[in-house]
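Taken together, the values in this text are just the output of simple stated rules run on the coordinates, not laboratory data. Since the model is a prediction, treat every value here as computed from it, not as a measurement. No Cβ is skipped: glycine too gets one built from the backbone with ideal geometry, and neighbour counts run over all protein chains shown.
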Amino acid sequence: MTAKPICLIIGAGDYIGAAIARRFAKGGFHVVMGRRRGEMFAPLVAEIEAAGGSAQGFSWDARKEETTTEMFAHVEAEIGPIEICIFNVGGNVRFPILDTTERVFRKVWEMCAYAAFLSGREAAKYMVERQKGSIFFTGATASVRGSAGYAAFASGKFALRGLAQSMARELGPKNIHVAHLVIDAGVDTAFVRDRVRQSGKDPDTLPPDTLMNPDSIAEAYWTLHHQTRDGWTHEMDIRPFAETW
């Protein structure tokens, strides 16, 4: 068991999830991370520990109920009580509706909505007993606006937003802060840079701050967690200054 407060990040990838992990580790949290290929955490854990923080990672398929239930129980029993749970699983795919297969639609829904339900429910199970905690969900432009080619992604993210709203109304009176972060931007990741290239542009020639730095997202989550409960934000939308909205 650790004496530090626990920040659990589900869907801790190489960019947004990693930035959140670094920020909370820097702030004195012990960071616990989950992704489908847990062995990929080794460099990030080493980096955090070299900077004086503490972290550990697990292989975790958030779409599996048994896995999620077991992992929450393990963290609570063996590592420490979870103070903040951040659900950051992606699912951003683009297919014309006629090319969207049943498998694609179902898989994206499982990643965006079903897995979020499982994680949110398990986090609440422990936090309600303590009457304390934060549960945050990572949303996107697709959470509030369905665009051409994004039927699967928007459907999943709309569902995630509804889940977050319902949980916030139910759990807020129990002193649990539930928030939904709408990232209305292209984030500076390899995935987004590839999409920029596919559109015929060179991402290296974009004006500064056109793409969002993952560190800015991490700072938004840090701010949300440290709000006083007389001024909790349920939904925060963030975007670069040049974003068209």
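Some values worked out for this structure:
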| quantity | calculated |
| --- | --- |
| Distance between modelled label sites at THR205 and LYS174, nm, 7 Å Cα→Cβ extension | 5.4 nm |
| Kirkwood Rh in Å, taken over segment 6-238 so that all alpha-carbon pairs contribute | 18.1 Å |
| Nearest 10 degrees, 0 to 90: helix 16-26 Cα axis against the chain principal axis | 30 degrees |
| Tilt relative to the chain, helix 65-74 - C-alpha long axis, 0 to 90 degrees, to 10 | 40 degrees |
| Subset of LYS26/LYS132; LYS26/LYS157; LYS4/LYS174 violating a 27 Å alpha-carbon distance limit | LYS26/LYS157 |
| Dipole in debye (nearest 20) - segment 40-161, about Cα centre, beta carbon charges: Lys, Arg +1; Asp, Glu -1 | 660 debye |
| For segment 201-215, 3J(HN,Hα) per residue [Karplus equation, 6.51 cos²θ - 1.76 cosθ + 1.60, θ = phi - 60°, Hz, x = Gly/Pro] | 10, 9, x, 6, 9, 5, x, x, 6, 6, 8, 7, 6, x, 4 |
| Alpha-carbon centroid distance for the pair segment 1-29 / segment 36-66, whole angstrom | 9 Å |
| Positive-end residue, the chain charge dipole about Cα centroid, Cβ charges, pick of THR101, GLN198, ALA77 | THR101 |
| Cross-link partners of LYS107 among aspartates and glutamates (Cα-Cα below 19 Å; sequence separation of 8 or more within a chain) | ASP61, GLU65, GLU66, ASP99 |
| The chain, dipole about Cα centre (Lys/Arg Cβ +1, Asp/Glu Cβ -1), debye to the nearest 20 | 400 debye |
